[in-house]
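Input: a single structure, listed below in structure tokens.
All of the numbers you see were taken from the coordinates with simple rules; none came from a lab. The structure displayed is predicted, hence computed values, not measured ones. Virtual Cβ from ideal backbone geometry, glycine too; neighbours counted across all protein chains shown.
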Amino acid sequence: MPPMPPMPPDRPGVPNCLTMGTLDDQAARVDAAAREILDLQPRVEAGAPWPLAEVYGTEVEASWGPPELLAHLEEMLPFWLGETERILDGAPDGPPDAAVPFGRVASDPVRIGVIGRDRTVPLRELFTRLEADAARVARRMRALSDAETARVGRHPTQGELTVGQLFERFVTSHLEGHLDQFREILAARGA
């Protein structure tokens, strides 16, 4: 899996999620990255069958192909949307402005288990799930108010992040990074 991209303001040309009011720009980037991945579907399917990676966790030797990438995308988009809703609901026993614990780390066994299970789902179904999940995430991003975008959660390794930063780090840039990974895999295979 490629390393996570840096957080704004380290990314030139990406609005700083600490100050932006709405997530319309990010939602458009999610739509665009998902559309570009979906546009690769004929090439991915033409290259099938893709061998399943022997190692698909977080190990250095892990090597994902399209089945693992698609399985990851279809699990990660709803996961981070749910974590956003967790932050928006607030800490049940804390003050309304408390940073809500959220998230997971790459070695999370449920995450790896879902990827392991779903990488055997037919590619057409994984692409269909990606299309639906990306549209749902982008729609929710556009619906968030300025106050919701500024709500803060506390990730186990990244510390305190606003909802806008969560989306940039774990959804928008993450999805764009996997688009690049798809392109590299297809180019290496000549597909």
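How big is the charge dipole of the chain about its Cα centre, in debye rounded to the nearest 20, if each Lys and Arg gets +1 on its Cβ and each Asp and Glu gets -1 on its Cβ?
220
What GluC sites (Glu not before Pro) in segment 34-119 are in a loop by DSSP, with at most 11 other Cβ atoms within 10 Å of the Cβ? Those that pass, being in a loop and sparsely packed, are 54, 59, 61.
Our coupling estimate for segment 116-131, obtained by passing each phi through the Karplus curve with A = 6.51, B = -1.76, C = 1.60 and θ = phi - 60°, is x, 6, 7, 5, 9, 5, x, 3, 4, 6, 5, 5, 5, 5, 4, 4 Hz, Gly and Pro reported as x.
So what is the 222 nm mean residue ellipticity for the chain from helices alone, if each DSSP H run of at least 4 adds -39500 (n - 2.57) and you divide by all residues, rounding to the nearest 500 deg cm²/dmol? Result for the chain: -17000 deg cm²/dmol, rounded to the nearest 500. In order along segment 105-112, phi translates into HN-Hα couplings of 10, 4, 7, 3, x, 5, 4, 5 Hz, rounded to whole numbers, per the Karplus curve 6.51 cos²θ - 1.76 cosθ + 1.60 with θ = phi - 60° and x for Gly and Pro.
For the options 32, 135, 46, a Gaussian network treatment of the chain with springs between C-alpha atoms closer than 10 Å singles out 46 as fluctuating the most. Taking a point 7 Å from the Cα of residue 105 along the Cα-to-Cβ direction, the residues of segment 118-160 with backbone N closer than 15 Å to it are 155-159. Coupling constants for segment 63-68 follow from the phi torsions by the Karplus curve (6.51 cos²θ - 1.76 cosθ + 1.60, θ = phi - 60°), and in residue order they are 9, 8, x, x, x, 5 Hz; glycine and proline get x.
In plain terms, the chain from residue 128 to residue 35 could stretch by 32.3 nm, reckoned as 0.36 nm per residue minus the Cα-Cα distance.
Considering only 98, 185, 47, the residue lying farthest towards the positive end of the dipole of the chain is 47, judged by Cα position with unit charges set on Cβ.
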